[in-house]
Amino acid sequence: MGDWMTVTDSGLSSENKNISQYTSETKMSPSSLYSQQVLCSSIPLSKNVHSFFSAFCTEENIEQSIAYLDQELTTFGFPSLYEESKGKETKRELNIVAVLNCMNELLVLQRKNLLAQENVETQNLKLGSDMDHLQNCYAKLKEQLENSRREMIGLQERDRQLQCKNRNLHQLLKNEKDEVQKLQNIIASRATQYNHDMKRKEREYNKLKERLHQLVMNKKDKKIAMEVLNYVGRADGKRGSWRTGKTEARNEDEMYKILLNDYEYRQKQILMENAELKKVLQQMKKEMISLLSPQKQKPRERADDSTGTVISDVEEDAGELSRESMWDLSCETVREQLTNSIRKQWRILKSHVEKLDNQVSKVHLEGFSDEDMISRQDHEQETEKLELEIQHCKEMIKTQQQLLQQLATACDDDTTSLLRDCYLLEEKERLKEEWSLFKEQKKNFEKERRSFTEAAIRLGLERKAFEEERASWLKQQFLNMTTFDHQNSENVKLFSAFSGSSDRDNPTAHSRPRQKKPHSVSDGSPVCTSKLARSLPASPSTSDFCQTRSCVSEHSGSVSALNVTPEESRPSQAGRECADQKWSVASRPGSQEGCRSGCSLTYTNSHVEKDDLP
Amino acid sequence: MNFSEVFKLSSLLCKFSPDGKYLASCVQYRLVVRDANTLQVVQLYTCLDQIQHIEWSADSLFILCALYKRGLVQVWSLEQPEWHCKIDEGSAGLVASCWSPDGRHILNTTEFHLRITVWSLCTKSVSYIKYPKACQQGELAKAAQKFLKSLAFTRDGRYLALAERRDCRDYVSIFVCSDWQLLRHFDTDTQDLAGIEWAPNGCVLAAWDSCLEYKVLLYSLDGRLLSTYCAYEWSLGIKSVAWSPSSQFLAVGSYDGKVRVLNHVTWKMITEFGHPATINNPKIVVYKEAEKSPPLGLGHLAFLPPRAVAGPLSSPESKYEIAEVPVSLQTLKPAADRANPRIGVGALAFSPDNYFLATRNGDFQVLSLCWHLSGDSLALLGKDHFCLCFLETEEGVGTASGQRGDHT
């Protein structure tokens, strides 16, 4: 029934409007008035209320208001206001007693409600104050909680720091302990060393005491002497000198001389080293300049100031060089200039190299090749090629190693046959060599034969000439000489001439084979393994000799002075004349006999003599 | 490789003459001199007692035989076998004896290193040098006789440097060998001078401290301090020192297994060689001795940077093959709690042409390193082995042949 809303006092002034707002039952406008009234019961009735009261019931609507009131009361449980009606149609009379009772009841009810309301209000107030109090408490507690949390965090932080410190201190303690241990060890070792030394000294001291005691006790004293058989001379052979002040001074002088020499030598070394290093530095500087300057001329280079510095540096260096060549000393300024210029150059070089590096990396990224930089692909191709080559070489090496191993390992049938082949190879080689020797010598023989034939022909011609001369000479003699016997003179002359000729024959025959000999011997000397080779040099000469002997024997009848032959012969070896005598001695017995036997004899002799001849 | 017959020898006393013509060896109390080519006995001398030390004079004319127990030194002449000389130190005793470079003076160190007596064979005169230092023996000389590192002659034999200790301080005296005059006497800034050595050019003297302190001092001939060098503190220091033949470098080997090379201009370290247990550098060639018999142990040889190792070899058949890098070298960790531990670089040898430096680190059984004069081969002598390494200097590749040597 209506809204028991708390209506504020301000609402009273505009109660009509409010009522119209708050009412739910538009029909029952009086009920809202009624509720209003109930709620504001504590408020003393004002005039408005009076007017308000009068608004409900007027003289016109008494019956209606009574009916309405009755209806309301009965719904509330009050007894009806009407008297009990006897019939339906009769008008009900107002039961005044009931009305008064109802009024009383309502008043009582009103009082109760007021009391209840008061209680409720007080309770409300109490609750409100309780709530406030609780809220305050809550806020305070929250604050406290916050504070305590903060404190806890702070304490945790401190705890952590302290733990850190603790750990550090532990570490320090450990270190200190280690050091202490180390020092203790050192002390221990030193102590043992000291003890050892002490003991040693004590032992020596004891020995000394004993010895002293012995010496004091001992009466006879062993003489300290030296006995020498004779004096030995000084090592340098000089006499000893007296010790005087002069010698002392001399010793000092010598000592200082030695020291000075040593210092001078060292200084020289250092100077040389310095000069070399300076030279190296100069060279380095020049090279650096030359390295940098042609590159700087390229248009790609952006640093123009660097070129300027290079040029200026070159000028500077030219000046420096002239200066340095004048003073070859290590002057402070010269040294500084040199080092400064080198440093400058080095810096320029470094920057240049860095620039190049950057460019290379840029090129790397961009991927196009420049003139003076090898393109990546080319570079890679080259490396690939080189790698392939390396592979090939490695494989070759491997195969070769395998082959070597095979050779070195134990032999089986194949290898023994191989070896045998090797031996045969040796024989074959030797045979080949000998064959080549033979062929050579054959050639030589041919040559010699040819020359000898030529010589023989010449000889023949000479003989002829000689004989003609002889014949003419004999004729003369014959004509001149009349007392002598023809035969005897001829024979004697023959003999002498012949022996003379044989004598003279020999040098030619000798000199020719002599001259031939060096050739043949030189040919034969490299490979002289067989007897055949050794005897070969002898044979051409002997064959020559045989030939000449045969020539001589052919011309045995004729006596010809071989004056011509010495001229003809090749540069003769004058020194061989004593040997010639030997030859002549050997050949003389053979000259009278036949050629062949003579040849054989001479052959053997020559063979024998050959060995003697150098 | 051919070996001659075995000759008897006592106390490892066997020396070639400086001119290379003779070989002197000792058997008990006899001194036998043989011809170096034919090994025929040329001379035979008899000393009074067992010989402890022999030394040829520099001109190969005399041999000195030291009999420490009797305190005697006997000198024999090769030219005149009947010439003899006997030096008796008497009650002073004898600890060491050596020739002077001119071959006419003998320096005897008396017992307890009380003094050094200089006997002259020319004048029969005596000079005394007091308070010499008893320096430790060199590592390389352990197999051979003990020698005193407190005495150092220059290569040309003009000067003698002697380490002394007086009033708990170390001094160095320089004498002129011609008349034994004292030239310079200066103190060294060392705790305990361990050794001195002249540079081959005779102008610089290197002195180093004992192993408790790493210090190398370089003095000029006139006694001025040129430079000092110290690589690190506190740990055990220098073990061995060697000059390069051109006097340009000084190699210092220390107990930490490293060799540091100083240059002669600034006397600062120019390079440092380590001896790592594993070789990783592919540029180094490692030669591994491969045996045909069951392997008992494998020896390694590495060159570039050179390091010499001789490993155990049981069978005579062996060949060297190139091992693949990385190679790990077998090392035995020696006892570190003893005095003079067998760690560190104990032996250094420069090749005569200044190209190579051979070093021995740690406990490897190499007793001596010796370069050939041509500088292209290196002989390593171990306790049981003898190894000859040949280097082709152009390629820097070496081939090695190992041989089993006889014990003597």
B:SER127 to A:LEU277: FRET efficiency via 1/(1 + (r/R0)^6), r the Cβ-Cβ distance, R0 51 Å, to the nearest 0.05?
0.50
How long is the gain from A:GLN71 to A:THR339 if the chain were fully straight, where each residue apart is worth 0.36 nm and the alpha carbon distance is subtracted?
83.6 nm
For each pair in A:LYS286/A:LYS355; A:LYS355/A:LYS385; B:LYS133/B:LYS215; B:LYS239/B:LYS268, compute the distance between the two Cα atoms and list the pairs where it is over 27 Å.
A:LYS355/A:LYS385
Modelling each spin label as a point 7 Å along the Cα-to-Cβ direction, I'd like the B:PHE3/B:THR46 distance in nm, to one decimal.
3.2
To the nearest 100 Å², how much accessible surface do chains B and A hide from each other in total, with a 1.4 Å probe?
4600
List the residues, sorted by chain then number, that are 5 or more residues from B:GLY93 or on another chain and whose placed amide H is less than 5 Å from its amide H.
B:GLU111
Report the FRET efficiency, 1/(1 + (r/R0)^6), for B:GLU233 and A:GLU204, where r is their Cβ-Cβ distance and R0 is 30 Å, rounded to 0.05.
0.55
So A:MET131 and A:LEU403, fully extended at 0.36 nm per residue minus their Cα-Cα distance, gain in nm 86.9 nm
Determine, from the Cβ-Cβ distance of A:TRP473 and A:ARG449 and an R0 of 41 Å, the FRET efficiency 1/(1 + (r/R0)^6), rounded to the nearest 0.05.
0.75
Go through A:PHE438, A:THR453, A:SER472 and say which Cα lies farthest out towards the positive end of the charge dipole of region A:432-484; charges sit on Cβ, +1 for Lys and Arg, -1 for Asp and Glu.
A:PHE438
If you keep only loop residues by DSSP, which trypsin sites (Lys or Arg not before Pro) in region B:49-120 have at most 13 other Cβ atoms within 10 Å of their Cβ?
B:LYS69
Only Lys, Arg, Asp and Glu count, each charged at its Cβ (+1, +1, -1, -1), so figure out the dipole size of region A:80-192 about its Cα centre, rounded to 20 debye.
920
What does the charge dipole of region B:26-124 about its Cα centre add up to, to the nearest 20 debye, if the Cβ of each Lys and Arg holds +1 and the Cβ of each Asp and Glu holds -1?
200
In nm, to one decimal, how far is the B:ASN37 label point from the A:GLN163 one, both placed 7 Å along Cα→Cβ?
8.8
For region B:338-382, state the semi-axes of the equivalent ellipsoid (square roots of 5 times the eigenvalues of the alpha-carbon gyration tensor), sorted largest first and rounded to whole angstrom.
23, 11, 6
Phi to ³J(HN,Hα) by Karplus 6.51 cos²θ - 1.76 cosθ + 1.60 over region A:352-357, Hz, x for Gly, Pro:
4, 5, 5, 4, 4, 4
How long is the gain from A:LYS112 to A:GLU84 if the chain were fully straight, where each residue apart is worth 0.36 nm and the alpha carbon distance is subtracted?
7.1 nm
Alpha carbon convex hull of region A:88-209, volume per residue in cubic angstrom:
225
According to a simple spin-label model (label point 7 Å from Cα along Cα-to-Cβ), what is the distance in nm between B:ARG166 and A:ILE187?
3.7
Hey, got a sec? Which trypsin sites (Lys or Arg not before Pro) in region B:191-282 land in a DSSP loop and have at most 12 other Cβ atoms within 10 Å?
B:ARG224, B:LYS268
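The values are calculated or read from the model by the stated rules, or taken from the named source; none is laboratory data. The structure displayed is predicted, hence computed values, not measured ones. Ideal geometry is used to build each Cβ from the backbone, glycine not excepted, and the neighbour counts take in all protein chains shown. What goes into the accessible areas is simple: the full protein's heavy atoms, side chains included, and nothing from ligands, DNA or RNA. Shrake-Rupley method; radii C 1.70, N 1.55, O 1.52, S 1.80 Å.
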